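Heads up: the structure comes next, in C-alpha cells.
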Amino acid sequence: MLNQELLDILACPKCRGPVRVNEAKDGLICQPCQLIYEIRDEIPIMLIDEAKPLGHEPGDRNPDS
C-alpha cells in the first residue's frame, strides 16, 4: 500500500486533479479524466500514455454506471 503522504501529493498528470486508490488497491483513479493509473510494486505509474479508461480494469467499477 502506498504511503498516505505520497498519496496526498500525487495528482493526475493530465488534469492536475486529485487521484484516489481504487477498491483493488492496484491503481489510482482520476475521476474527472475517467482514467486509472496502475500501481506496480508499490510504485504508481503516472504516465498518461499508460493510463487506462476507468471501468476497464478487473476489480474496478465505474461509480457513474
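Across segment 30-65, which residue is modelled with the lowest pLDDT among those that are hydrophobic (A, V, I, L, M, F, W, C) and not in a loop (DSSP other than H, G, I, E, B)? Write out each step before concluding.
So the first thing to find is which residues in segment 30-65 are hydrophobic (A, V, I, L, M, F, W, C), and the list is 30, 33, 35-36, 39, 43, 45-48, 51, 54.
Next, only the ones that are not in a loop (DSSP other than H, G, I, E, B) stay: 30, 35-36, 39, 43, 48.
Working: C30: 97, L35: 98, I36: 97, I39: 95, I43: 92, I48: 97.
Filtering segment 30-65 for residues that are hydrophobic (A, V, I, L, M, F, W, C) and not in a loop (DSSP other than H, G, I, E, B), the one modelled with the lowest pLDDT comes out as I43.
Scan segment 30-44 for residues that are of a type in the set (D, E, K, R) and surrounded by fewer than 17 Cβ atoms within 10 Å (Cβ to Cβ) and jot them down. Give the steps one after another, and end with the answer.
Keep residues of segment 30-44 that are of a type in the set (D, E, K, R), which gives 38, 40-42.
Residues satisfying the conditions are R40, D41, E42.
Answer yes or no: is there a residue in segment 2-14 that is hydrophobic (A, V, I, L, M, F, W, C) and touching a residue at least 40 places away in the same chain (Cβ under 8 Å). Spell out the reasoning first.
Step one: filter segment 2-14 for residues hydrophobic (A, V, I, L, M, F, W, C), giving 2, 6-7, 9-12.
From the residues that got through so far, the ones that are touching a residue at least 40 places away in the same chain (Cβ under 8 Å) too are 2.
Within segment 2-14 (the criterion being hydrophobic (A, V, I, L, M, F, W, C) and touching a residue at least 40 places away in the same chain (Cβ under 8 Å)), the answer is yes, since at least one residue qualifies.
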Checklist line | Positions within segment 14-29 being crowded, with 16+ Cβ neighbours inside 10 Å and assigned to a loop (DSSP other than H, G, I, E, B), in sequence order | finding: V19, N22
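The values are calculated or read from the model by the stated rules, or taken from the named source; none is laboratory data. Note that the coordinates shown come from a computational prediction; the quantities given were computed from them, not determined experimentally. Every residue, glycine among them, receives a Cβ derived from its backbone with ideal geometry; neighbour counts consider all protein chains shown.
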